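This report refers to the structure that appears directly beneath it.
The values are calculated or read from the model by the stated rules, or taken from the named source; none is laboratory data. None of the values given here were measured: they were computed from a predicted structure. In this analysis, Cβ positions are derived from the backbone assuming ideal geometry, glycine residues included, and neighbour counts consider all displayed protein chains. Side chains included, ligands, DNA and RNA excluded: accessible areas come from the protein's heavy atoms. Shrake-Rupley method; radii C 1.70, N 1.55, O 1.52, S 1.80 Å.
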Amino acid sequence: MGDDARQLVLDENGENAASQPLDSTTGGTAAPTTHQALLAWVKEVAELTQPDRVYWVDGSEEENQSLTDELVDAGTLVRLNPETFPNSFAAFSDPKDVARVEEQTFICSEKREDAGFTNNWMDPGEMRAKLNGLFAGSMRGRTMYVVPFVMGHLAAEDPKFGVEITDSAYVVASMRIMANIGTDVLRKMEELDAFFVPALHSVGFPLAEGEADVPWPCSDEKWIVHFPEDRSIWSYGSGYGGNALLGKKCYALRIASIMARDEGWLAEHMLILKLTSPEKKDYFVSAAFPSACGKTNLALLDPTIEGWKVETLGDDITWMRFGKEGELRAVNPEAGLFGVAPGTGWSTNPNAMRAIAKGNSIFTNVALTDDGGVWWEGMTDEAPAHLIDWLGQEWTPDAGRPAAHPNSRFCTPIDQIDMLADEYHSPNGVPVSAILFGGRRKTTVPLVTEARDWASGIFMGSTLSSETTAAAAGQVGVVRRDPMAMLPFMGYDAGDYLRHWIELSGKANQEKLPKIFLVNWFRRTADGGFAWPGFGDNSRVLKWVIERLEGKADAVETPIGFVPTGDSIDLTGLDMTPEDVEQAVRVDPQEWATELDGIDEWYHRFGPTLPQELKDRLAELKDRFATA
Ligand SMILES: Nc1nc2c(ncn2[C@@H]2O[C@H](COP(=O)(O)OP(=O)(O)OP(=O)(O)O)[C@@H](O)[C@H]2O)c(=O)[nH]1
Ligand SMILES: O=C([O-])CC(=O)C(=O)O
Ligand SMILES: [Mn+2]
């Protein structure tokens with residue numbers, strides 16, 4: 001930012017001590033907000049972290065211009081060719097800071113059992129002492145940005161506010177895409193004297209007097225910490241994705257799941273889409289898949305069958321509550337896409353490509369083309385002859401290594417999606433007719449299975465499994481249980497989380513409960529290929545789902561639920577036979593014997609909070625296999 005930038009230095013009263021009057025609507029020379037709790041927190045954090053200056057983010061276009069200019073000067077961002085990627089930038093992280101760090105993610109509830117066996121836990125007092133030590137002086141030499149944000153609608157009955165304090169301008173620019181931030185939010189917070197989630201972030205790379213910065217400051221030591229009782233977030237050491245954009249996984253899933261438990265709603269790792277049938281009937285479908293298992297792709301799906309239309313409401317996070325009529329209503333609390341780049345291409349996901357092509361995007365860890373554009377594996381069928389890879393090295397198609405990091409991402413405003421459903425803008429959300437649970441499994445799990453009933457559907461969700469992906473640090477391709485795709489995101493005990501689903505839905509209108517389905521786009525055939533083409537062709541599975549809701553499509557009963565008959569999936573225009581479908585939905589008793597052992601082991605890990613209803617479902621499933 002230049003000399004006239006709107007930097008506020010607070011004096012001991014939390015007032016702006018800069019002598020120049022500022023033209024910011026947020027600031028001016030008076031205190032930048034009348035929200036006393038916020039002022040007090042900002043002052044406390046500034047004292048702890050010792051930044052050179054404090055800057056209140058207003059969210060304006062001009063502010064974003066100067067921030068991104070500054071990031072380009074600092075070498076953090078590369079400005080892309082404005083003709084092909086207007087107002088868009090590429091960032092390259094430290095090679096050790098490329099994904100969420102689950103090992104270093106903590107739920108520090110007062111009682112250990114409240115965090116449950118799926119979360120890392122440390123005594124909150126001990127953790128606070130550790131974090132206070134790490135954050136002391138951690139912003140020296142840097143600007144401390146104060147980013148007021150709201151997840152979900154500002155016009156919601158009970159808007160969910162947060163304030164992220166960060167020393168990363170990259171985080172500010174990314175949060176601006178992912179959430180509604182700035183002055184409007186701050187004014188509403190003041191008007192309501194609202195509670196906000198204090199979300200503190202530092203890259204953990206203070207600068208000594210005169211020390212030069214690096215393009216991607218971060219620390220080897222990383223801590224992503226949530227305190228459920230006061231609903232605060234402390235994130236240290238990483239600048240990337242879900243570790244640093246605290247409105248996303250940290251707030252809208254981990255902290256929100258706790259709020260949802262206490263307030264009677266659901267915060268889930270789900271996409272939401274709108275499906276219109278050839279008869280012009282609208283259906284809303286939500287789907288929970290683990291990270292890098294196809295949410296964004298399904299949410300932006302381009303149907304390959306005549307007459308069916310898909311529109312997008314959300315691609316990652318869904319907040320749901322039961323409405324007045326007992327129907328389940330869903331909203332997307334986010335304002336942007338933070339999508340996996342590799343595999344997103346003109347043939348697999350043209351809607352995402354069109355949204356990206358409108359610009360206003362930040363790409364992280366993708367490759368650069370010679371004409372100032374970006375590229376990643378799967379964007380085009382043929383790789384460009386020459387690239388600069390995500391590590392800054394020369395790359396040619398024979399390099400023998402990917403040009404983009406497997407967890408490279410595009411960050412793009414959601415309203416650039418041409419197929420965004422109008423209902424995205426409705427604070428009351430949409431009624432959900434079907435919920436899909438899905439994972440990445442080479443074997444065992446059929447292409448699609450309809451749960452017998454709601455409780456069996458929750459059972460399916462509770463035993464969901466998937467091979468690990470590059471979205472989190474650690475080994476890739478290992479099968480792990482991931483209940484409702486929430487394993488890394490439940491803010492409290494996993495058994496209590498499942499009970500919350502059961503209890504909440506128990507009070508709903510049972511007639512209006514969505515139908516639940518288990519899907520697997522990733523099953524392999526004997527020759528190693530995918531058993532199902534996936535992507536746009538998943539519309540054929542969605543069609544079967546809707547026809548099941550309407551009682552029109554055929555199914556075969558298996559021990560795990562109902563699967564399509566070979567000819568009940570529309571294969572028009574596909575080079576596939578009904579026998580291929582039968583293979584893709586096959587329930588193999590041998591594979592399921594192993595699976596049941598896996599589920600047994602999984603359920604044993606829960607301890608006393610696992611709901612009896614789910615243990616009963618498992619016993620019934622075993623019986624059905626035994627007598628099949
Ligand atoms: N074979 C196959 N691959 C798919 C399909 N859908 C998505 N993928 C691939 O799976 C990867 C992840 O897909 P995304 O849609 O970005 O996954 P996501 O669930 O949104 O991931 P997060 O944003 O990390 O939560 C990409 O490389 C896709 O190309 C599918 O139907 N079939
Ligand atoms: O949180 C992130 O870094 C990216 C993401 O969406 C996920 O991993 O599910
Ligand atoms: Mn996604």
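Annotation: for a label point projected 7 angstrom from Cα along Cα→Cβ of Val556, residues of region 439-471 with backbone N closer than 14 Å are 446-450. Could you tally the net charge around Ile362, taking each other residue with its Cβ under 12 Å from the Cβ of Ile362, Lys/Arg +1 and Asp/Glu -1? Every neighbour counted, the sum reads +3. With the highest mean first, a sort of the peptides 59-69, 370-380 on other beta-carbon atoms found within 10 angstrom per residue produces 370-380, 59-69. Computed in the context of the full set of protein chains, the accessible area of the chain at 1.4 Å probe radius has 48% of its extent on carbon or sulfur.
Treating the Cα atoms of region 554-623 as identical point scatterers in vacuum, please give the log10 of the normalised Debye intensity I(q)/I(0) at q = 0.14 Å⁻¹, two decimals. With no solvent term, the Cα-only Debye profile gives -0.59. Sorting 265-272, 149-156 by their mean Cβ neighbour count within 10 Å, with the most densely packed peptide first, gives 265-272, 149-156. Measuring between their Cα centroids, region 208-280 and region 474-511 lie 17 Å from each other.
For a distance above 16 Å, tell me the whole-number percent of Cα pairs in region 409-517 that qualify.
On the way: 4098 of 5886 pairs.
Summing the P(r) of region 409-517 above 16 Å gives 70 percent of all pairs.
Net charge within 13 Å of Ala244 by Cβ-Cβ distance, Lys/Arg positive one each and Asp/Glu negative one each, not counting Ala244 itself? Please report the intermediate quantities before stating the final value.
Values: positive: Arg100, Lys222, Lys248, Lys249, Arg409; negative: Asp94, Asp97, Glu164, Asp167.
Spelling it out: positives minus negatives among the neighbours equals +1.
To test your reading of the geometry: what angle, between 0 and 90 degrees and rounded to tens, separates the Cα axis of helix 612-627 from the longest principal axis of the chain? That works out to roughly 40 degrees.
Note on Lys249: lysines with a C-alpha under 25 Å away, same-chain residues under 8 apart excluded, are Lys96, Lys111, Lys130, Lys160, Lys188, Lys222, Lys274, Lys295. For Tyr55, the residues whose amide H sits under 5 Å from its own are Leu8, Met144, Tyr145, Val146, ignoring neighbours fewer than 5 places away on the same chain, with H placed 1.01 Å from N. In vacuum, with every alpha carbon of region 458-541 counted as one equal point scatterer, what does the Debye formula give for log10 I(q)/I(0) at q = 0.15, 0.19 Å⁻¹? Two decimals, please. Summing over Cα pairs of region 458-541 leads to -0.77, -1.05. With respect to the chain, whose longest principal axis is taken over its alpha-carbon atoms, helix 169-178 is tilted by about 40°.
Mind running the shape call on region 505-628? Use the C-alpha gyration tensor, a ≥ b ≥ c as the square roots of the eigenvalues: rounded below 1.5 for a/c, prolate if a/b tops b/c, oblate otherwise. Mind dumping the intermediate values first?
Details: a/c = 2.11, a/b = 1.38, b/c = 1.53.
It comes out oblate by the Cα gyration axes.
Put simply, region 101-252 fits an ellipsoid with semi-axes of 24, 22, 13 Å; these come from the alpha carbon gyration tensor as the roots of five times its eigenvalues, largest first.
Taking the DSSP beta bridges with both ends in the chain, the antiparallel portion is around 65 percent. Using θ = phi - 60° in the Karplus curve 6.51 cos²θ - 1.76 cosθ + 1.60, the 3J(HN,Hα) couplings for region 307-312 round to x, 9, 10, 10, 10, 9 Hz; x is entered for Gly and Pro. Packing-based ranking of 553-559, 249-255, 512-518 yields 249-255, 512-518, 553-559, ordered from highest to lowest mean Cβ neighbour count within 10 Å. The average projected area of region 198-348, computed from the convex hull of its Cα atoms over all directions, is 12.6 nm². Quick note on region 72-150: its Rg to Rh ratio, both from C-alpha atoms and Rh being the Kirkwood radius, is 1.12. Here, region 507-563 yields an orientationally averaged convex hull projection of 5.6 nm² when only Cα atoms define the hull. For the pair Asp52 and Asp282, a Förster radius of 56 Å applied to the C-beta separation gives a FRET efficiency near 0.60, rounded to the nearest 0.05. Using every pair of separate Cα atoms, the Kirkwood estimate puts the hydrodynamic radius of region 35-86 at 13.6 angstrom.
Charged neighbours of Leu574, selected by a Cβ distance under 11 Å, balance to -3 (K, R count +1; D, E count -1).
Tell me, rounded to the nearest percent, the portion of alpha carbon pairs in the chain spaced more than 43 Å apart. Within the chain, distances greater than 43 Å cover 20 percent of Cα pairs. For region 443-505, the Kirkwood estimate of hydrodynamic radius, built from reciprocal distances between every pair of different alpha carbons, is 13.1 Å. In a fully extended conformation the segment linking Thr84 and Asp230 would gain 48.0 nm over its present Cα-Cα distance, using 0.36 nm per residue.
Taking every alpha-carbon pair under 8 Å whose residues sit at least 6 apart, the chain reaches a relative contact order of 13 percent. Computed over Cα pairs, the Kirkwood radius of region 121-167 leads via Stokes-Einstein (1.306 mPa s, 10 °C) to a diffusion coefficient of 119 µm² per second.
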